[in-house]
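Each reported figure results from applying straightforward, stated rules to the coordinates on display, with no laboratory input. Quick caveat: nothing in here was measured; it's all calculated off a predicted structure. Here the Cβ positions follow ideal geometry from the backbone for every residue, glycine too, while neighbour counts run over all protein chains shown.
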Amino acid sequence: MTDATWKDWLLSDAPRSRGQARLAGLYQGWLKLSRNWMAMVGLGILVVLVMVAMFAPLLAPHDPFAQDLLLRLKPIGFEDHLLGTDSLGRDILSRLIYGSRITLYIVALVTLIAPVVGLLVGTVAGYLGGFVDATLMRITDVFLAFPRLVLALAFVAALGAGIENAVLAISLTAWPPYARMARAETLTIRNSDFIAAIRLQGAGPLRILVKHIWPLCLSSLIVRITLDMAGIILAAAGLGFLGLGAQPPSPEWGAMISEGRRFILDHWWVATLPGLAIFTVSLAFNLLGDGLRDVLDPKDGGSQ
C-alpha cells in the first residue's frame, strides 16, 4: 500500500475488523499526541534518556567508578572532563550517564508493581462491593494517610538500605492512588448494560474483571502512571540522598546530590548537575503525561 492508502485505511469510518479498529484508534491517538508539541518534547527527552541508558558504555568518556584524587573537584570543561569531577575525581558526565540506568531501573520496577497491585485491589473492591470493598478501601486509606516519602522512609528503615528495598518501599506507597482510580472506574462500569449482558451469558466475576473491566481501566491507568513517574523519581532520589537507596559508589543521582552538597558554595556543579538531570526527566514525564491525558482520558475530551 502507498502512504495515502494506509492513511485512508487507518482513518476509515467503517473498519472491517477489530484489528483495523484498534490500529485506527492508535493512529488517531498518535496524530492527536503529535500535535501537542510539549508532549513531543517530553517524549523526545525520554527517548534520549532510554538511548543514553542503553548505550552508556559507549557514551561515557570515563569509568564512572574510577577515582583520581589529583583531579578532584575540577570545574566544567576541564580537559576531557566535560562536566567536571566530583570530590573523588570521578567524571560527573560518566556518572550521570550510568545513573540514567538506575533511574530507568527504578521506574520500570515500580511501574510493574504499584499499578498492578492498585488495579487488582481497586477493581476487586469496586466489583464485589460490600464488606470486601469497605475493608480494602480502609486499608487504602491507611496508606494514603501518610506522606509518600515518610512512609517510604519507614519501609526502607525496616527493610534495610539498598536499591531493591527502595523500589519495594516506593511501590508499597505508590499503589493506593491506582486502587482508588480503578475502583471509581469499576463502580461506573459494573452496572452498565453490557456487563449485565455478559453475566446473562454465564461469565463469572473473574472473567468479567479480566476481559471487560481491566481493559477499560487501562487508559486512565496509563495516564496516571506517566504523571506519577516524576514523584517516583523524586522519591528514589530522596532515598538516595538520605543514604537509604542505591549505595556508594553507585552513580545514583540522589546520592550524587548528597555527596556534592558539602561543596555547593564553592563547587556548585557537583550537586547541581544531577539535580538538573532529575528535574529534566521529571519534567519530561509530566509533559508526556499531560499529552497522554488529553488523548486517552475521556473525561478531558480525549479519545480511547
Amide H contacts under 5 Å for His81, restricted to residues at least 5 apart in sequence or on another chain and with H modeled in the peptide plane, are none
Rh_Kirkwood(region 153-221) over Cα pairs, Å, one decimal, evaluates to 14.3 Å
Semi-axes (Å, rounded, descending) of the ellipsoid equivalent to region 95-161 per its C-alpha gyration tensor are 30, 16, 8
In Å, the Kirkwood estimate of hydrodynamic radius for region 148-293 over Cα pairs equals 17.7 Å
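How much mean residue ellipticity at 222 nm does the chain get from its helices, if each DSSP H run of length 4 or more adds -39500 (n - 2.57) and you divide by all residues, to the nearest 500 deg cm²/dmol?
Per the formula, -23500 deg cm²/dmol.
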Full extension between Phe194 and Arg138 adds, at 0.36 nm per residue less the Cα distance, a length in nm of 17.2 nm
Karplus ³J(HN,Hα) for region 169-181 (6.51 cos²θ - 1.76 cosθ + 1.60, θ = phi - 60°; Hz, whole; x = Gly/Pro) runs 5, 5, 5, 5, 9, 9, 6, x, x, 5, 5, 5, 5
The size of the Cβ-based charge dipole (Lys, Arg +1; Asp, Glu -1) of region 224-303 about the Cα centre, to the nearest 20 debye, is 140 debye
Residues Arg183, Arg148 in order from fewest to most other beta-carbon atoms within 10 Å are Arg148, Arg183
Per the 1/(1 + (r/R0)^6) rule, R0 = 51 Å and r from the Cβ atoms of Ala203 and Arg72, FRET efficiency to 0.05 is 0.15
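If I take every Cα pair under 8 Å that is 6 or more residues apart in region 99-304, average their sequence separation and divide by the length, what percent do I get for the relative contact order?
On the way: 264 pairs, mean separation 48.6, N = 206.
Here the relative contact order equals 24 percent.
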Gyration tensor (Cα only) of region 49-162 to equivalent ellipsoid, semi-axes in Å sorted down, yields 45, 17, 9
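For a footprinting-style exposure proxy, rank Ile139, Ile208, Ile225 by other Cβ within 10 Å, fewest first.
Ordered by Cβ neighbours within 10 Å, fewest first: Ile139, Ile208, Ile225.
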Computed on Cα atoms, the radius of gyration and Dmax of the chain in angstrom are 23.1, 77
Karplus-derived 3J(HN,Hα) from phi for region 53-61 (6.51 cos²θ - 1.76 cosθ + 1.60, θ = phi - 60°), whole Hz, x at Gly and Pro, runs 5, 5, 10, 4, x, 7, 8, 5, x
